[in-house]
Amino acid sequence: EAPLRTLADRADLRIGTAVDMAALADDSTYRRRTAREFNSVTAENVMKWEVVEPTRGTYDWSGADALVRFARDRGQAVRGHTLVWHSQLPGWLTSGVADGTIDAAELRGILRKHISTEVKRYKGKIYQWDVVNEVFEEDGSLRNSIWLQKLGPSYIADAFRWAHAADPKAKLFLNDYNVEGINAKSTAYYDLAKRLRAEGVPVQGFGVQGHLAIQYGFPGNVEGNLARFAALGMQTAFTEVDVRMILPSDPEKSAKQATYFRGLLDACLGTRSCKSFTVWGYTDKYSWVPGVFAGQGAATLLDEEFGAKPAYAAVREGLAAG
Ligand code: G3I
């Protein structure tokens, strides 16, 4: 049976997964399957700020470098994740802002340096960067992060300009969850992207994470949502797809889950500007879901023993048809 990446190549799509670097080091089945099924990878954690600069001015690129090397050796593209976020910030940064030893002007310089340093390090090796992650609330208002509080809303345009200067060829993305369909949050992104592009800010992609749950239903008008970003001249991507359920799983839930994966994939395949479809882990063995949503899980394509679920077959069939 042809692996997913072979079918995706034929469909001219990048099929990706988030990679857990500890699992990649320890688990040979995980390593083999990651290489076999995917032609794109994203660091689940090791490119985040708290990992790459745990102490101010002291960098740890070991995990990120290892992933980039793994991908290069296996002909996989790399999605960069993520440069500006309110979460997984280093302790020195959050405490410095909280106790006032880092003021707004210094913070802006720190952010600029972080973006320039990381993007330059992987210049030419990353095809899409999540530059700005999860900046809107569900109602479409800007999230009240340290970035908004200290720098004001202009930090978003600045981040894209700094990233573009560091690697002019990488496609630069906004990225968030609960923006699959048309709603207040995705419309806030649409309005922001439209305004930034009119101002000449280099924002080139809209990343739809795709963390779904079968108990909440399938989002409305996903293709229409992708199409309106395409009409702005932007790429789109599914960047973190998984479909959780209330445990235990059963055949009916697994079948429903399969249709959700297929629904997102088909929306991507049906939209020319949709360039990549990334799952946030592909085996339940390493999924983040049960640790965050108690009593939920079974959210990925393969079970904990790497056995294929109906969702895997659905993605295969979708790619084969696409
Ligand atoms: O690395 C430390 C380890 O040294 C320590 O022993 C352990 C004890 O808790 O924690 C480890 O760090 C954890 C890290 O994952 C690596 O496993 C963090 O506690 C944990 O919070 C972190 O969770 C990650 C989460 O982002 C943080 O917000 C998940 O793995 C990761 O899947 C998740 O990914 C996010 C995307 O970046 C953005 N979109 C939503 C998505 C799901 O939440």
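Here V243, V289 are screened, and the one residue that is within 17 Å of the chain's Cα centre (by Cα), farther than 18 Å from Q128 by Cα and surrounded by fewer than 24 Cβ atoms within 10 Å (Cβ to Cβ) is V289.
When the residues of the range 27-67 are filtered to those that are within 13 Å of the ligand (Cβ to nearest atom) and in a helix (DSSP H, G or I), the one that is nearest to R316 (Cα to Cα) is G63. The C-beta contact set for the range 290-301 (first residue modelled with pLDDT of 95 or more, second residue in a loop (DSSP other than H, G, I, E, B) and of a type in the set (A, V, I, L, M, F, W, C), distance under 7 angstrom, 6+ apart or interchain) comprises G295/L247; Q296/L247; G297/L247; A298/L247. With respect to being on the phi > 0 side of the Ramachandran plot, among the small types (G, A, S) and within 16 Å of the ligand (Cβ to nearest atom), G233 falls outside the description.
The residue that is farthest from the ligand (Cβ to nearest atom), among those in the range 192-212 that are under 17 Å from the mean Cα position of the chain (by Cα) and of a type in the set (G, A, S), is G205.
All conditions but one from (1) within 16 Å of the ligand (Cβ to nearest atom); (2) without any contact (Cβ under 8 Å) to a residue 60 or more places away in the chain; (3) under 23 Å from V41 (Cβ atoms) apply to Y189; the one that does not is (3). Tally up the residues in the range 10-26 that are away from the ligand (no atom under 11 Å from the Cβ) and buried (at least 16 other Cβ atoms within 10 Å of the Cβ), please. Qualifying residue count for the region: 7. Going by what's in this entry, would T42 be described as crowded, with 17+ Cβ neighbours inside 10 Å, within 18 Å of G124 (Cβ to Cβ), of a type outside the set (D, E, K, R) and in contact with a Gly (Cβ under 7 Å, 6 or more places away or on another chain)? Answer is yes for this residue. Only one entry of N221, N175 meets the criterion of being modelled with pLDDT of 95 or more and either crowded, with 16+ Cβ neighbours inside 10 Å or aliphatic (A, V, I, L, M) (or both), and that entry is N175.
The values are calculated or read from the model by the stated rules, or taken from the named source; none is laboratory data. Note that this is a predicted model, so its numbers are computed, not measured. So basically every Cβ, Gly included, is an ideal-geometry build from the backbone, and we count neighbours across all protein chains shown.
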